[in-house]
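The values are calculated or read from the model by the stated rules, or taken from the named source; none is laboratory data. Predicted model only: the values in this text are computed from it and were never measured. For neighbour counting, all protein chains shown are included, and Cβ atoms are generated from backbone atoms with ideal geometry for every residue, glycine included.
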Protein chains: 2
Amino acid sequence: MYKDMTINPDYVRIFDTSLRDGEQSPGATLTSLEKLEIARGLARLGVDVIEAGFPAASPDDLEGVRRIAIEVGNPPAGDVETSVHVPIICGLARASKSDIDAAWDAVKHAAHPRIHTFLATSLIHMRYKLRMDPEEVVDRVREMVSYAKSFCDDIEFSPEDAGRSDPEFLYLVLGEAIQAGATTLNIPDTVGYTTPEEFGELIAGIVTNTPSIENAIVSVHCHDDLGLATANTLAGIRAGARQAEVTVNGIGERAGNTSLEEVVMALHTRRVAYGLSCGVDTTQIARISRMVSNYTGIPVQPNKAIVGANAFAHEAGIHQDGMLKHHDTYEIMRPETVGVNRSNLVLGKHSGRHALKVHLEEMGYELTNEEIDIAFKRFKDLADKKKSVTDADLEALIEDQVYQSQEVFKLDGLQVACGTMGLPTATVRIQDAEGQMHIQAAVGTGPVHAVYQAIDAVVNASNVLVEFNVHAVTEGIDALGEVTVRLQAVNGSIPERTSPQNGFSHARTFGGYGADTDIIVASAKAYLAALNKMLLAKKRYSRAETVLVK
Amino acid sequence: MYKDMTINPDYVRIFDTSLRDGEQSPGATLTSLEKLEIARGLARLGVDVIEAGFPAASPDDLEGVRRIAIEVGNPPAGDVETSVHVPIICGLARASKSDIDAAWDAVKHAAHPRIHTFLATSLIHMRYKLRMDPEEVVDRVREMVSYAKSFCDDIEFSPEDAGRSDPEFLYLVLGEAIQAGATTLNIPDTVGYTTPEEFGELIAGIVTNTPSIENAIVSVHCHDDLGLATANTLAGIRAGARQAEVTVNGIGERAGNTSLEEVVMALHTRRVAYGLSCGVDTTQIARISRMVSNYTGIPVQPNKAIVGANAFAHEAGIHQDGMLKHHDTYEIMRPETVGVNRSNLVLGKHSGRHALKVHLEEMGYELTNEEIDIAFKRFKDLADKKKSVTDADLEALIEDQVYQSQEVFKLDGLQVACGTMGLPTATVRIQDAEGQMHIQAAVGTGPVHAVYQAIDAVVNASNVLVEFNVHAVTEGIDALGEVTVRLQAVNGSIPERTSPQNGFSHARTFGGYGADTDIIVASAKAYLAALNKMLLAKKRYSRAETVLVK
């Protein structure tokens, strides 16, 4: 459970909500396989709690949380629990019985399950969103926390819009939640509006005035709309909070949530100033950052603190001034501490299947024999083309494989001619789910447009491409190109996605990823991967509707 | 000068150092034309001070600052000064006569010039970097501030590594600087190490204890290594600082400087809490953000506060819950406030040259007749290919033009074949400075590799490609693709670049940008643009060496 919770009052629990609040970023829609891989990465990272999703949102969401509860929320078979860190698996639920039922149904499979329920406590939300009196809100909180407690010992409650709630009312509601069995009280700055001073005072007020607060852990959940999420979170911790809700790379709606890596590294680097600790293995930070970025398709800017490509750039190709013998004159963190300096040349052209398998296991990938076979073939192809194959290349290949694993349509062949001297033209050969081959040619404004037109002629699923990005995985012009695309279905066949917290709906966005030394081939793969995701979602929703109609 | 400085004690001066500290980001090397365009954008934005560069670094840097001083640091000819905001133009100088001479030589052409000089005051820096006694440091500061003052009324002094300096010594040095004529005292958190509480206390101590502090403005300069730059800057302002040193998009070495947009929007959105104002026109923020990102090649992540693509994403395609009539339930800023909602469909296929010219002027571009001709031809080509031409498309076209304007080698033709069924092959036709045509063909691991091999066969300038990125300018698969590349010369022909502050040297990196509906064509343009920059730099340095040898 918590690594150091029982013995140390200065231990800060890291609650990762990348898979719940982070996944609400526009376009961050993840497949359940991707969610599972990220959850495994978070367990390796050593977070205390994984908020794995919002099970009541759809049968699909419930299933995703359940799989994580089973596979990541339990110690490996045959292992003695104490030797391995097993995170708490948490599911979000509105303050209603059906939501709590769904959450429990999903998380109960974990060794350490948690139900997280919430209800707004500000006047504006109670009046206009909930249409409830304050008394009704108190009753509902008492009732629903008790209901959740009847299933599960570990209950978290969040008073939504706490920052704009009447403090006295807030203390009352929180006290009632503790009485009813809540063990964690999470205070959100839902709209990213507070200053560090204000947020610190809010937490200090709660710690001082809430009845029986000594029986619960206070948690903070901040948003970065004004660039203050990390500072607000640290101010909350200073004022007595002992859980921080964060996401990897700070992903999330709008400007996102508090960055896991910033809070962890501030506590780590300034441990004397803060006098607090957490259980995260900082050397796993770079890897999980890259995984979340690739799976969600949300890039990390080079000047992002801790995980940006330049964060430690003064390490590379630098000659220190002869007089500067003292490392700490200009350096406050070592890149190795966050896992940046990994071996570069890892495997050569002549490395065998076993060496690859062992290396991938060291990197944290758990692949079946069949998957290893495919990966090995692709590795050999790449090693023929590229001077050196690095960890980053391998990650790109494996992620490309994970993305292509739920295929409906599969790229079998591609041929493109383009340039300034003619009309960009593409020919594709695509295999459908029944194994039948389709060949189509098309012209476009450029090679990617031509390829996408040719694919559309086969697949016929109307969409708008909302984002298209390519970048090179490593230095050098012979590098693998990674392509991420995001697209939206246009004809309303897929229901919009509603946020449990604010009731807003977004059109569903589907991301696709492809990697190849030929960026046009990678673009075709990424587009097909996104189309396949969209088609699978369509199928699921038409199934769900059929069930509802019965 | 300062928009509201003389009358309002609660006015916070915005000092933009994108062109000095920001340009020190690895790979952010800008041409003087790009610097000038950004400086114009900063003046439109309404910043109070533009730190335009470090004139002593090279004749080229001096010339860049001088051009900005002349063209951006003066009211338009014939205009009455009071009607137009003219920013202060500042040049950085180490505490030496030759540096101050160079700085003055560059900034003296501005209506409001400033010299900014600095010297370290921490024990570790004084002992190991400067090899000076504290007494010698005090003497040098007094002497050099006086020397700068003999040229210029407006003098800024920074005690480097102030955070680790002995407070009493710091007060003494700062007091001496004021006595010698410094009008602004800038306190840097050089390594991004402090917490908001510590930084606020540092500033409060300075405001309370420095002799004659009422005769100077205190300034803050923070770095984002722990994700706390914005919070530290605001804490400093709360404690009495009235100038904030910032960069657009928070660019800068490592994790970068404080973000201009975050500080400005925190002061704006929370004006009741802070009770302070600044002179920035917030509606210009989105445009300058995009310009700086494109010219430096440093992308902005979608979840970046204020300027990220998702920062206001809940505006697009959202159906609000019927109960939510109150905008401010979930919204703290309007996208229009930062200039996000611009007209989308701006010009059609049949728009004339005059309409384009007027529109580009409205967008802030000042182009010659010849440049308009080229832009118009490209606009017509694009309008033929693409359904609608937006402001973003026009910006991409103009920036592509600016990038290609200092051409040595020019792409005349390109032909590519690629896909999974053969060997990616490219043919290029390139015109050199003498007008001679060169044709080369090459194979590669992908189409970009093939194109770059073919270009290398013509241009023959060894380099390592350190970054390669493509993204679509707008939604839709017929969009323009923007390519940014960054490369480094490999054979030591170009001297490394040394930071004035910390003495570290980086290998010079050259960025290139290209935009086309065909991303392979855009890739070829971007690569040639970067190569051309590299070749021009080589020429400049071999010239500089010749002068030195004499």
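Annotations for the structure displayed:
- Each residue in region B:180-208 was checked for being within 8 Å of chain A (Cβ to nearest Cβ) and of a type in the set (S, T, N, Q), and 2 pass.
- Matching option when the condition is away from every other protein chain (no Cβ under 11 Å) and within 26 Å of residue B:294 (Cα to Cα), among B:408, B:464: B:408
- Meets criteria (outside any strand (DSSP E or B), in contact with a Ser or Thr (Cβ under 9 Å, 6 or more places away or on another chain) and modelled with pLDDT of 90 or more) for residue A:454: yes
- Of the residues contained in region A:386-409, one or more are found to be under 21 Å from residue A:517 (Cα atoms), of a type in the set (D, E, K, R) and more than 28 Å from the chain's Cα centre (by Cα).
- Options A:529, A:515: the member that is within 23 Å of residue A:396 (Cβ to Cβ), away from chain B (no Cβ under 12 Å), at pLDDT below 90 and buried (at least 21 other Cβ atoms within 10 Å of the Cβ): A:529
- Pairing residues of region B:359-376 that are among the aromatic types (Phe, Trp, Tyr) with residues that are part of a helix (DSSP H, G or I), at Cβ distances under 6 Å and at least 6 apart in sequence or on separate chains, gives B:365/B:398; B:376/B:353; B:376/B:356.
- Exclusive hit being touching a strand residue (DSSP E or B) at 6+ places or on another chain (Cβ under 9 Å), of a type in the set (Asp, Glu) and modelled with pLDDT of 70 or more, set B:321, B:384, B:400, B:391: B:400
- Among the criteria (1) out of contact with any Ser or Thr (no Cβ under 6 Å at 6 or more places or on another chain); (2) within 24 Å of residue A:515 (Cβ to Cβ); (3) more than 10 Å from chain A (Cβ to nearest Cβ), the one residue B:424 does not fulfil is (3).
- For residue A:111, the stated conditions hold: it is out of contact with any Phe, Trp or Tyr (no Cβ under 7 Å at 6 or more places or on another chain) and at pLDDT 95 or above.
- Only one of the listed residues (B:388, B:462) is over 27 Å from residue B:301 (Cα atoms), polar (S, T, N, Q) and touching a residue at least 24 places away in the same chain (Cβ under 8 Å). That residue is B:462.
- Looking across A:414, A:382, A:394, one residue alone is assigned to a helix (DSSP H, G or I), of a type outside the set (D, E, K, R), within 14 Å of chain B (Cβ to nearest Cβ) and more than 20 Å from residue A:511 (Cα to Cα). It is A:382.
- Selection count, region B:235-282, where residues are more than 7 Å from chain A (Cβ to nearest Cβ), aliphatic (A, V, I, L, M) and in a helix (DSSP H, G or I): 8
- In region A:116-140, the residues that are at negative phi and in a loop (DSSP other than H, G, I, E, B): A:121, A:122, A:132, A:133
- Residue within region B:81-88 that is assigned to a strand (DSSP E or B) and aliphatic (A, V, I, L, M) present: yes
- Per-region count, region A:97-141, residues within 26 Å of the chain's Cα centre (by Cα) and more than 16 Å from residue A:164 (Cα to Cα): 20
- When residues of region A:138-169 are limited to those that are buried (at least 23 other Cβ atoms within 10 Å of the Cβ) and among the aliphatic types (A, V, I, L, M), the one nearest to residue A:113 (Cα to Cα): A:155
A quick yes/no check of all residues on (1) modelled with pLDDT of 80 or more; (2) under 25 Å from the mean Cα position of the chain (by Cα):
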{"site": "A:462", "(1), (2)": "yes, no"}
{"site": "A:476", "(1), (2)": "no, no"}
{"site": "A:487", "(1), (2)": "yes, yes"}
{"site": "A:493", "(1), (2)": "no, no"}
{"site": "A:522", "(1), (2)": "yes, yes"}
{"site": "A:535", "(1), (2)": "yes, yes"}
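- Hits in region A:42-52 (condition: within 13 Å of residue A:283 (Cα to Cα), of a type outside the set (A, V, I, L, M) and at pLDDT 95 or above): A:46
- Test: residue in region B:209-227 that is in contact with a Pro (Cβ under 8 Å, 6 or more places away or on another chain), more than 9 Å from chain A (Cβ to nearest Cβ) and surrounded by fewer than 24 Cβ atoms within 10 Å (Cβ to Cβ): yes
- Odd one out for residue A:478 among (1) in contact with a Pro (Cβ under 9 Å, 6 or more places away or on another chain); (2) facing chain B (nearest Cβ under 7 Å): (1)
- Here is the figure for region B:259-274: residues that are small (Gly, Ala, Ser) and either at pLDDT below 95 or under 17 Å from the mean Cα position of the chain (by Cα) (or both) total 2.
- Residue match in region A:442-457 (condition: more than 8 Å from chain B (Cβ to nearest Cβ), in contact with a Phe, Trp or Tyr (Cβ under 8 Å, 6 or more places away or on another chain), surrounded by 23 or more Cβ atoms within 10 Å (Cβ to Cβ) and in contact (Cβ under 8 Å) with a residue 60 or more places away in the chain): yes
- Among the residues making up region B:188-221, those that are touching a His at 6+ places or on another chain (Cβ under 7 Å) and in a strand (DSSP E or B) are B:188, B:189.
- Of the residues making up region B:383-400, those that are more than 16 Å from residue B:481 (Cβ to Cβ) and among the polar types (S, T, N, Q) number 1.
- Unmet requirement for residue A:288, which otherwise passes all of (1) under 26 Å from residue A:508 (Cβ atoms); (2) part of a loop (DSSP other than H, G, I, E, B); (3) more than 7 Å from chain B (Cβ to nearest Cβ): (2)
- Filtered residues of region A:108-159 (kept if within 21 Å of residue A:189 (Cα to Cα) and either free of Cβ contacts under 8 Å to residues at least 40 places away in the same chain or of a type in the set (Gly, Ala, Ser) (or both)): A:120, A:122, A:125, A:126, A:127, A:128, A:130, A:134, A:137, A:138, A:158
- Matching entry among B:382, B:480 (being touching an Asp or Glu at 6+ places or on another chain (Cβ under 7 Å) and closer than 23 Å to residue B:354 by Cβ): B:382
- Residue match in region A:364-373 (condition: in contact with a Leu (Cβ under 6 Å, 6 or more places away or on another chain), at pLDDT 85 or above and more than 12 Å from chain B (Cβ to nearest Cβ)): no
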